[in-house]
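Coordinate-derived values only; no laboratory data. Owing to the predicted nature of the structure, the values given are computational and were not obtained by experimental measurement. Here the Cβ positions follow ideal geometry from the backbone for every residue, glycine too, while neighbour counts run over all protein chains shown.
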Amino acid sequence: MQEERLAIHLRERPSQLKEAKNKGVKIIGYFPGNYVPEELIYASGAVPLCLINGGDSQPAEAALSVVPQVICPFARAQIGERLLKENPYYSMIDMLVAPITCQHLKKVAEVWEYNGDLEIFKLGIPHQHNNDFELEYFTDRLRVLKDRLQVFTGNKITDEKITQAIGLYNKMRELLKNISSLRCTSPSLLSGLDFVKLNHASLNADPAFMVDFLDSVYHELKDKQQVTKTDAPRILLIGPNIGYGDYKILELVKAAGGDIVIEEICEGIRYYWNKIKSKDDLFKSLAKGYLVDRVPCAFMRYSTRKRFDFTLKLVKDFGVSGVIWYELLCCETYDSESYFFSQEMGDRNIPMLILESDYSTVDTGQLKTRIEAFIEILRGVME
Amino acid sequence: MIELLKLCGFSEQEIESELPRVGKAFNKLGITVEDIERGKQRLTKYYDVELKGVRKALRLIVRELVDALLVRDEGMKKVIYGFMAPGFDLLSSALVTKSRDVCSIHHSWAFQIVVGCIFGKIEPILEEAERKWLKAGMVAHCANLKTLVGPIVLGLYPKPDLLVTTGFLCETSPKTVDLFHELYDIPVWYVDACQDRTCGEYPEPSNRVASSTAKSLERLAERIQEVVGFEITNDMLLEVQDAKGKLNEAFGRIRGLVESSTPLPLSPAHENIWMCLNVLALSIDGITEATEAVDTLYEELQERVAKGLGVVEKEAPRVLATLPMGQTDPRLEYLACEVGIAIVATDRNLEVSIKETSEDPYMKFGIGMQLGAMHMPPAMRIPLLIEGCKKLNIDGVLDRFHVGCRAVAGDALLIENAINKELGIPVLLLEWENFDPRVYKHEEYKRRLEIFKTMMIVNRQS
Amino acid sequence: MTKVVILNRNDEICASIVKHTGAEHRRLANKVMEEALQQAGLSFDEISYVIATGYGRITVPFADRQITELTCHARGVSHYAPNVGLAIDVGGQDAKGLKMNCGKLLDFVMSDKCAAGTGRFLELIAASLNLKLDDLGKLSLKSTSKASISSTCTVFARQEVVSRISEGVPLEDILAGIHDAIASRVARMVERLKIEPDVVFTGGVAKNIGVVKSLETKLGCKVLVPEEPLLSGAIGAALLGKEITLKALAQGKPVQKGRRSLNESTLF
């Protein structure tokens, strides 16, 4: 029932947006990573649309005519989607707010800037915030973004509208966190695959609809909740973004009999774990909320230990027996970090499996073998 | 070893007094008698060591490496390393001018030239780093970083009091430095600036970005002051910038001569030596010495030009290469000369010119960091490349892309398409690793360079 | 290659087959099984449990269960060497390293994306030198001065072999370089797991004495090779099948079996 409702909404969403566009509403795309305050885009009356497609080898390969293979498959998928013009979202955006985070996503913004066919706002993300001026820089850029959005949309962005938007997105975060956390006691309620799909839906759906929908999902699941004992190994999945459509690994883990009970991924936990606390100055609040008060992505300075400690706590709180690290080929920050994590997890006798992929279709068999072997290690072959 | 040091510009007296130190340093590196022989052969083959200017430059480079390896042995109290850290080199020079108790080295330039280019022995260092967190193969991490990780892990660079890097165009280095902090307990610091200039904010440098870069460097200066215990004043920095400005002007004169003369008077392999000279931890006196070396070379090159001498045939096709020259291996540049191609310039030196800069040394740095083509997104880098090609009468572009450097490699295909379209000159797209000699495939590169040369000659004629 | 092992209750091998089945392993699986049954003098119904493992494990229609080759190899190797700390298996298409302790598999690495560091590398080199694969190892041991061959890519290695031949480098030295290259590759792969004796080496490439010696030098310790290095996966699978059956019987539970029929499988 619920699934149907969501499926219909998502199916109709592109035409809904086209209609809105015809009426003069702006569609504003942004990259995942959790450094772009959707609240500002929403408050301007425009529609925030997260560009996060992945998993399909075709767009990633199509981009090879523009950038070499060393640019990660996710970044290439974004370039490819816009080249192929098959996905309606990528063609309908009027503007891109590009967070300048890792070199790969930065390159996508630069390629589109070079092509010159899209309005781009580069939102500089300070890669550290130990010094006072860095947070100030980000706060200032958010103000400039607001001014630009006002001019672009023709709508005034009042403090009231921003506060309202923060409230709405905070509610979304709260609901996603609550739903996700149900898996702590009842992993069989909702598989990792289903949760990630739900999370992904929230990136393209209408926010108000999504909040309402998540609310009903939460209540429905809460009632079904029971503490069940299964012998399925409890797994934490960690990585950068999981592309919308990149469900191969999640499906393989489920088929092999593992339960992914929590994910440490960009568009997931890093988004919904902490709410934005709005104090007097809304821009300072947004800047602090997005840059400081959440688990950083691996490209941030001093992030390695912070990220490990956060992940270790999740492992303990969610009773995780094994960690699956999923990264895309050529991601230099996650790659380096995986060494650290595997040493530290190894020291604590927490099994960790490192998987790499580049969205190609040929590696499914190889991934299956590794995942199955890992599950066999976790549960012992006898059961 | 004595002959080797003579080829590197050491005087007889200097050899006598320094030989024990050099011997000790080379022992640490595991340099054998065979290596010394090979070093002499490579020096003579790949570099114009008959030119005094080249020898003087090599001397400074060898000296720095020896100092770096013996740093703790010789009781140096304060040791600071920089890596891929423009701006650090300014602070570095200010520090060593002020105090002889501070060792502040910008790794691994000297190491790469001596161990890589001269002795041809950098591969084991790279392999050591690959045993840690840096990968080999198709998704390789930049080998530049491997020449930092390898020596630290092997104990060749003793543990410093501070390790500094920047993240202007690179996430790999800061992440590695973070891992050094976590795994080896080394205090670290980062200098950063957001690369968020958009259209409308080029080509002139942005005040906003300059200001935040300046502040970031200032914080580094404060941190360094804590380590060394004395102040780095603005005047000290301005003095360094002044001296370096003169050094850069001297490079500029050589570059101008190379760009405008045929036959090509100097092999492009030497470009690496200038780049290294620019970032060595030299005191003001040292920078002056370096400037003298470059001036000496300029005179020697002028003589060559007057006599019509060069390293490639006259009227050889003129090539602009992207990226600096190979930094641990001069074979590609040597091969280009053998094949008969004159690499007259690289895009490393393509810059936007500005009328004035700031009086404040940090702002001056912040402004300067925005002028280079390699630091710009393709929307600005490519027009600069095209302009450069036109100005220098370029027949073809060697579009090298260093697979380890995501930021710079990402533009390679855009550059190829743009040059083809706007200028109609041949482009050789070469997948490459600037710091890893293992990628050099002689037969393949020779074939491709020969075809490239033919294409340029044919294109010229038509 | 398809391998079959039939074990009896006392862990003795009643039958063992190693056969090339190429791309038709699905269709030919039952033929190989029939051959094994003939060798053992048994009928199919007398087999208590069948486990399929390896790349084609999903396509064995008469198996009761599929278990990955990593787990099966671990079991097989610990049967041969109970104190195994690191098991290395290099077959025709892939290479694996298994970190083990007290017979348990703790961690693994796999290299299955490229030919370098696998048996395929040696096959290609043997073919280009017009030599028999089985002769490579012995020949390489005759070398006095090992040539340096790149270990990163099969294509480049072959080119280098050709260059060395034209330079007049003796064949044994070139082969020594080749064996060094593949051993380097393998050693690099398993270094991540930490080298702990006993180190056991299995797979087709373990039959090559040149690689074994080279590997011992690289790892700095003795490398044990079982008498039948190609069978450890199948032996392990059979042992696991036995354990599953015995455990179920001990608990008084029925043994979970698959749908069994030894017919030639047709395409989907």
Exercise. Taking only DSSP H segments of four or more residues, each worth -39500 (n - 2.57), what value at 222 nm results for chain B once the sum is divided by all its residues, to the nearest 500 deg cm²/dmol?
Worked result: -17500 deg cm²/dmol
For this session: Return the Cα extents of segment A:234-280 along principal axes one, two and three, sorted largest first, each rounded to a whole Å.
Result: 50, 22, 12
For this session: From other protein chains only, count the Cβ atoms within 10 Å of every residue's Cβ in A:355-366, then give the mean.
Result: 1
For this session: Rounded to the nearest 10 degrees, what's the angle between the helix C:232-250 long axis and the longest principal axis of chain C, both from Cα atoms, 0 to 90?
Result: 20
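Would you work out if chain B is rounded, prolate or oblate? Take a ≥ b ≥ c from the square roots of the eigenvalues of the alpha-carbon gyration tensor; rounded if a/c is under 1.5, else prolate when a/b is larger than b/c, oblate otherwise. Mind showing how you got there, number by number?
Working: a/c = 1.44, a/b = 1.18, b/c = 1.22.
Verdict is rounded for chain B.
Can you tell me the mean projection area, over all orientations, of the convex hull of segment B:366-410's alpha carbons? Units nm², please.
Numbers: hull surface 15.3 nm².
Spelled out: convex hull of the Cα atoms, projected over all directions, averaged, 3.8 nm².
Hey, got a sec? Which trypsin sites (Lys or Arg not before Pro) in segment C:144-240 land in a DSSP loop and have at most 12 other Cβ atoms within 10 Å? Intermediate values should be presented prior to the final figure.
On the way: sites: C:K146, C:R158, C:R164, C:R185, C:R188, C:R192, C:K194, C:K207, C:K213, C:K218, C:K222; in loops: C:K146, C:R192, C:K194, C:K222.
When the trypsin sites (Lys or Arg not before Pro) of segment C:144-240 are filtered for loop state and at most 12 Cβ neighbours within 10 Å, C:K194, C:K222 remain.
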For this session: Could you list which residues have their amide H under 5 Å from that of B:T346, counting only those 5 or more apart in sequence or on another chain, with H placed in the peptide plane?
Result: B:A321
Seminar exercise, completed: The ³J(HN,Hα) series, computed from each phi in segment C:205-210 with the Karplus coefficients 6.51, -1.76 and 1.60 at θ = phi - 60°, rounded to the nearest Hz and given as x for glycine or proline, is 5, 5, 6, 8, 5, x
Seminar exercise, completed: For segment B:353-418, listing trypsin sites (Lys or Arg not before Pro) in a DSSP loop whose Cβ sees at most 15 other Cβ atoms within 10 Å gives B:K355
Seminar exercise, completed: Ordering B:61-71, B:266-276 by per-residue average of other C-beta atoms within 10 angstrom, highest first, gives B:266-276, B:61-71
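What ranking do B:M456, C:M189 get, fewest neighbouring Cβ atoms within 10 angstrom at the top? Display every interim value, and only then the final one.
On the way: B:M456 22, C:M189 18.
Lowest to highest Cβ neighbour count: C:M189, B:M456.
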For this session: Report, in degrees rounded to the nearest 10, the 0 to 90 angle that the Cα long axis of helix A:103-115 makes with the longest principal axis of chain A.
Result: 40
Exercise. What does the charge add up to near A:L10, with Lys and Arg as +1, Asp and Glu as -1, over the other residues with Cβ less than 12 Å from its Cβ?
Worked result: 0
Exercise. Can you list the residues of segment C:180-216 with backbone N under 20 Å from a point 7 Å past the Cα of B:E127, pointing along Cα to Cβ?
Worked result: C:180-196, C:210-216
Exercise. If you rank A:E337, A:E220 by fewest surrounding Cβ atoms within 10 Å, what's the result?
Worked result: A:E220, A:E337
For this session: Please say if the protein assembly as shown is rounded, prolate or oblate, where rounded means a/c under 1.5 for a ≥ b ≥ c the square roots of the C-alpha gyration tensor eigenvalues, and otherwise the choice is prolate for a/b larger than b/c and oblate otherwise?
Result: oblate
Seminar exercise, completed: Nearest 10, in degrees from 0 to 90: the angle of helix C:171-191 to the longest Cα principal axis of chain C is 50
For this session: Please identify every one of the trypsin sites (Lys or Arg not before Pro) in segment C:9-63 that sits in a loop by DSSP and has no more than 10 other beta carbons within 10 Å of its own beta carbon.
Result: C:R9
Problem set entry | Calculated FRET value between B:Q41 and B:L335, using beta carbons and R₀ = 25 Å, to 0.05 | 0.90
Seminar exercise, completed: Expressed in nanometres to one decimal, the distance between label points 7 Å along Cα→Cβ at A:E174 and C:E227 is 7.2
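Suppose a student asked you for the relative contact order of chain B, using Cα pairs under 8 Å spaced at least 6 residues apart; what percent would you report? Don't skip to the answer; put the middle values down first.
Details: 740 pairs, mean separation 79.0, N = 462.
Answer for chain B is 17 percent.
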For this session: Would you tally the net charge around B:D161, using a Cβ to Cβ cut-off of less than 14 Å, leaving B:D161 out, and scoring K and R as +1, D and E as -1?
Result: +2
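By its C-alpha gyration tensor, with a ≥ b ≥ c as the square roots of the eigenvalues, how is chain C shaped: rounded for a/c under 1.5, else prolate for a/b larger than b/c, else oblate?
Prolate, because a/c is 1.5 or more and a/b exceeds b/c.
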Exercise. Per the helix-only calculation at 222 nm, which mean residue ellipticity applies to chain A, given -39500 (n - 2.57) for every DSSP H run of n ≥ 4 and division by its residues, nearest 500 deg cm²/dmol?
Worked result: -17500 deg cm²/dmol
Problem set entry | Which of B:F119, C:L249, B:I80, positive extreme of dipole for the protein assembly as shown (C-beta unit charges) | C:L249
Problem set entry | Extreme residue, positive dipole direction of the protein assembly as shown, given options B:P377, B:N27, C:V199 (C-beta unit charges) | C:V199
Problem set entry | Peptide ranges B:411-422, C:131-142, B:47-58 listed from the most packed, as the mean C-beta count within 10 angstrom indicates | B:47-58, B:411-422, C:131-142
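Calculate the mean, over all residues of peptide A:129-140, of how many other protein chain Cβ atoms lie within 10 angstrom of the residue's Cβ. Don't skip to the end; give the middle numbers.
On the way: counts 0, 3, 8, 2, 7, 6, 0, 2, 9, 1, 0, 2.
Average neighbour count from other chains, rounded to a whole number: 3.
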Seminar exercise, completed: Sites removed, the longest contiguous part of chain A containing no DSSP-loop trypsin sites (Lys or Arg not before Pro) with at most 14 other Cβ within 10 Å is A:157-228
Problem set entry | Inter-chain Cβ neighbour average for residues B:186-196, partner chain, 10 Å | 5
